[in-house]
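As structure tokens, the structure follows; a few thoughts come after it.
The values are calculated or read from the model by the stated rules, or taken from the named source; none is laboratory data. Everything quoted here is computed from the prediction, not taken from an experiment. Every residue, glycine among them, receives a Cβ derived from its backbone with ideal geometry; neighbour counts consider all protein chains shown. Each accessible area value is taken on the protein alone, full model and side chains, heavy atoms only, with ligands, DNA and RNA left out. Shrake-Rupley method; radii C 1.70, N 1.55, O 1.52, S 1.80 Å.
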Amino acid sequence: MSDSVKLYYQGKEYEFPVVESTIGDKGIDISKLRSETGLITLDVGFKNTGATKSKISYLDGDLGQLYYRGYPIEQIAEKSTFVEVMYLLLEGELPTQAQLDEFKHNMNKYSLVSEEMKHLLKGFPRSAHPMGVLSSLTSALTAFNPHAVNVKSEEDVRRAATLLLAKFPVLCAWTYRLKLGLPLNYSDNRLDYVHNFYQMMFRFPTEDFHMDEVVVDALDKLLILHADHEQNCSASTVKMVGSAHSGLFASVSAGVSALWGPLHGGANQAVIEMLEMIRKDGGDLQKWIDKAKNKNDDFRLMGFGHRVYRNFDPRARVIKKVCDDVFNKLGIHDEELDLAKKLEEVALHDDYFIEKKLYPNVDFYSGLIYKALGIPTEMFTVMFALGRLPGWIAQWKEMRLNNEPINRPRQVYIGSPKRDYAPIKDRK
Ligand code: SDX
């Protein structure tokens, strides 16, 4: 017998079924709410609203746990690779060696980006923010890969996904190279995904290129840790656009723009800028903690707090360890890292952060690693987008193959009642 909830309104009783979950939140199915009661729900920011039923990732905000297709993120980060995680998120199961080899082979077929895309890229000023460039180039992929994706065809969706997974790292590296006025590197199919991305980002055609395995391992872990996170703002944006049967590239382009925001993926850049500001201001941590607590001050502790986590973000725990490993192995001492650790310590012992359950999130330490790897601050959110791409595609694919309807929320109108047009001569 499935569970249900009762609603009493204007003397009448209504009953709505409860949708069971494997783990975590169950949902009240209110698909008949308006037709039966004349009421809609109101939940600004969707803090209590489920948009879908999904099998891709699950996070427990109270326990600070995250699973990709049921596998705990800690195990995935330690034992898997980013390409294997791409397969897991898209297909639902860890691949056999043959399936993984075929997946990589298929990606390699699409790793060349149209030469004409370079004209678009070079039309941007070097001062352009890489996220704006990346969003534009991602949308432009439609122009150079015009075959419409039959959004109900699993084969068509799988091919479009593979094409995007193959070309996106090239676009990410090109946005970096544009910013520095450097020659563009091509994808090298002889290399695995992370080595290939690394050489596209940093190789100079004029000399041999050495890749530090410490950097490669850190990049692979960072990409894994960013790969998916339920119905977050950017994934929901990708799905909002895709729900209108817009193409995959256009949908992901919108997701890049949503991720750019400093409240979302842009926080990794904002954390470093915040730490640099605090350091230059003399390093008085309590002053900035007090500003973050002050309702009348719009300063927020970037990299802290989360819509769902009311405990440590499990990714932040793993990233903090990767951070220590990278700095120790590369023999780097970074003032901002020391400051970040002290800031975390002070905040976690402050009643305001304790009562509001504000903990470091995925963005608090990731920027410090990117900086240590030689990636410029404005590229940090591009790195987040590169990691999140398989999650965006998996969420878009799940929605499309479930044939979900176009997303069109309702509203509670509180504007003017009906009134007649007044000619300008009669207006006051
Ligand atoms: C990501 O959703 C996802 O899954 C996102 C993500 C993913 O993988 O996709 O995990 C990636 O976006 C991580 C979050 C990165 N953003 C930041 O680090 C920016 C700083 N954080 C905050 O802006 C905030 O915590 C949010 C935006 C992340 C969450 O905001 P909510 O859920 O809308 O919560 P809220 O703003 O209502 O905060 C609740 C209270 C408020 O105080 P009161 O009004 O109750 O008195 O906590 C306070 C807030 O003022 N608060 C903070 C704070 N975050 C929340 N106060 C100071 N510093 C902060 N960082």
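Before moving on, here are some points about what is shown:
- Filter result (under 16 Å from the mean Cα position of the chain (by Cα) and closer than 25 Å to Thr49 by Cα) within segment 306-330: His306, Arg307, Val308, Tyr309, Asp313, Pro314, Arg315
- For segment 309-337, residues that are open to solvent by less than 60 Å² (accessible area, probe 1.4 Å) and within 12 Å of the ligand (Cβ to nearest atom) total 6.
- In segment 283-392, counting only helices (runs of 4 or more DSSP H) that sit wholly within it, the ones holding 2 or more residues that are touching a residue at least 40 places away in the same chain (Cβ under 8 Å) and of a type in the set (A, V, I, L, M, F, W, C) span 285-293, 314-330, 335-348, 363-372.
- Listed by position, the helices (runs of 4 or more DSSP H) enclosed by segment 21-121 that each have at least 2 residues that are hydroxyl-bearing (Ser, Thr, Tyr) and more than 16 Å from the ligand (Cβ to nearest atom) are 33-37.
- Screening segment 353-377 for residues that are more than 8 Å from the ligand (Cβ to nearest atom) and over 23 Å from Ile332 (Cα atoms) and picking the one that is surrounded by the most Cβ atoms within 10 Å (Cβ to Cβ) gives Tyr359.
- In segment 230-241, of all residues being open to solvent by 30 Å² or more (accessible area, probe 1.4 Å) and either in a loop (DSSP other than H, G, I, E, B) or aliphatic (A, V, I, L, M) (or both), the one that is farthest from Pro72 (Cα to Cα) corresponds to Val241.
- Filter result for Ser21 (surrounded by fewer than 15 Cβ atoms within 10 Å (Cβ to Cβ), modelled with pLDDT of 95 or more and under 24 Å from Asn402 (Cα atoms)): yes
- Enumeration of residues in segment 257-282 that are assigned to a loop (DSSP other than H, G, I, E, B) and either crowded, with 17+ Cβ neighbours inside 10 Å or within 11 Å of the ligand (Cβ to nearest atom) (or both): Trp260, Gly261, Pro262, Leu263, His264, Gly265, Gly266
- Residues in segment 193-206 that are of a type outside the set (Ser, Thr, Tyr) and closer than 20 Å to Tyr370 by Cα: Val194, His195, Asn196, Phe197, Gln199, Met200, Met201, Phe202, Arg203, Phe204.
- Selection status of Tyr87, hydroxyl-bearing (Ser, Thr, Tyr), modelled with pLDDT of 95 or more and open to solvent by less than 40 Å² (accessible area, probe 1.4 Å): yes
- Single condition Ile414 does not satisfy, out of (1) among the hydrophobic types (A, V, I, L, M, F, W, C); (2) modelled with pLDDT of 95 or more; (3) touching a helix residue (DSSP H, G or I) at 6+ places or on another chain (Cβ under 8 Å); (4) away from the ligand (no atom under 13 Å from the Cβ): (3)
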